[in-house]
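> Below is a structure I'd like to ask you about.
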Number of protein chains: 2
Amino acid sequence: MNIGAAAERANLPSKTIRYYEDIGLIKPGRADNGYRDYSDEDVHRLQFLQRSRSLGFTIEECRTLLSLYDDESRASADVKEIAREKIKKVDAKIAELQSLRSTLNVLVKNCHGDQRPDCPILDDLAGHKVGAAEPQSA
Amino acid sequence: MNIGAAAERANLPSKTIRYYEDIGLIKPGRADNGYRDYSDEDVHRLQFLQRSRSLGFTIEECRTLLSLYDDESRASADVKEIAREKIKKVDAKIAELQSLRSTLNVLVKNCHGDQRPDCPILDDLAGHKVGAAEPQSA
DNA sequence: ACTTGACCTTACATTGACTGGAAGCTTTAG
DNA sequence: CTAAAGCTTCCAGTCAATGTAAGGTCAAGT
């Protein structure tokens, strides 16, 4: 099947599929006219990539997961470890964003938000302490 | 003062400061030897940038914030609006990550994680439902 | 005077994961 | 026959820096 049909089945843009081929994640055959020709197995791999990318795995992690998927004798522990590491990273990112959110919230709460020029948000950005919530640099 | 000293005072790498100049966020003078020469006012702007970037504002948002900071007659409402929009974006990102986390957690919980090859995580990535938590595509 | 090393300069390449666009094939529908 | 859709490759751009290379300048020590 042509790239357009594969794209539709995998819910990925054709452009992205070509990119995945560029970086060696998938190697479809070619038809006589030079068009890429995707087998059901190829589409399956693309779906795997779509799902793992949407779960936040990086391309390199997806590469590893795919190779584990291809390896009939892999240990499930290896896969579980990758997923656990990913959860840790997601947790760290969430914590960082929550800290940012709390600082931004303090700034917004302290700003009267009217037509007058004096603004506690800009004062804080300029380095004048606003009286609550320490920076917690990201 | 030279870029190294400015970098230290603003807690930014010299490289980043040159980049900020490239994109027009700051315009230091030049000494006779061609070296950039930063005034206290320049350092102040760099500190403003360091702080606003660390709070998660994009470069373009920082540009706007700086111009508001320069504008003596700005309304604090304008600044407050930018900060509120940023909080919204941060909230959306947090929600997305929490959803990912929950899906990943279900997968990890379902994986026995031993030396056997069968793995619910890979099964899920391959499209076989694992029995809980719908995708919630990011 | 000479050398070493720290610091400065510019310019270009790379990152991650695509996305957009140009220029030119092939195929399909009318 | 023609127009549109779909395919091809290749190059550029995104964001916010960061890495590297090749070279100029300055201050200290011998």
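The values are calculated or read from the model by the stated rules, or taken from the named source; none is laboratory data. Values in this document were obtained by computation on a predicted structure and should not be read as measured data. No Cβ is skipped: glycine too gets one built from the backbone with ideal geometry, and neighbour counts run over all protein chains shown. Side chains are part of the model used for accessible areas, which takes the heavy atoms of the whole protein and leaves out ligands, DNA and RNA. Shrake-Rupley method; radii C 1.70, N 1.55, O 1.52, S 1.80 Å.
> Counting only Cβ atoms, what residue of chain B lies nearest to the axis that sends chain B onto chain A, and how many whole Å off?
Output: B:Ile94, 3.
> Ok, one more. Carbon and sulfur together cover what percent of the accessible area of chain A at a 1.4 Å probe radius?
Carbon and sulfur: 48 percent of the exposed surface of chain A.
> Sorted from shortest, what are the nm distances separating the label point of B:Gly34 from equivalent points in the other copies, each placed 7 Å from Cα along Cα to C-beta?
B:Gly34 label point versus its equivalents elsewhere: 4.8 nm.
> Still on this structure: Quote the FRET efficiency, to the nearest 0.05, computed for B:Asp32 versus A:Thr16 with a Förster distance R0 of 51 Å and r equal to the Cβ-Cβ distance.
For R0 = 51 Å, the calculated efficiency reads 0.45.
> Loop only by DSSP, 10 or fewer other Cβ within 10 Å of the Cβ. Give me the GluC sites (Glu not before Pro) in segment B:4-86 that pass, ordered by residue number.
Answer in residue order: B:Glu72.
> Binning every alpha carbon pair distance of segment B:76-125 at 5 Å from zero, what are the percents per bin?
Taking every Cα pair in segment B:76-125, the percentages come to 5, 18, 15, 12, 11, 8, 8, 7, 6, 5, 3, 1, 0.
> Right, here's the next one. Divide, for the protein assembly as shown, the radius of gyration over alpha carbons by 2.2 N^0.38 Å, where N is the residue count.
Rounded to two decimals, the normalised Rg is 1.33.
> Would you calculate, for chain A, the mean residue ellipticity at 222 nm contributed by helices, counting each DSSP H stretch of 4 or more residues as -39,500 (n - 2.57) and dividing by all residues, to the nearest 500?
One gets -20000 deg cm²/dmol as the mean residue ellipticity at 222 nm.
> Let me test this: with uniform point scatterers at the alpha carbons of segment B:1-82, what is the Debye-based log₁₀ I(q)/I(0) at q = 0.21, 0.25 1/Å?
Values, matching the q order: -0.96, -1.24.
> Leaving ligands, DNA and RNA out of it, rank B:Asp114, B:Asp124 by accessible area with a 1.4 Å probe, largest first.
Solvent-accessible surface, decreasing: B:Asp114, B:Asp124.
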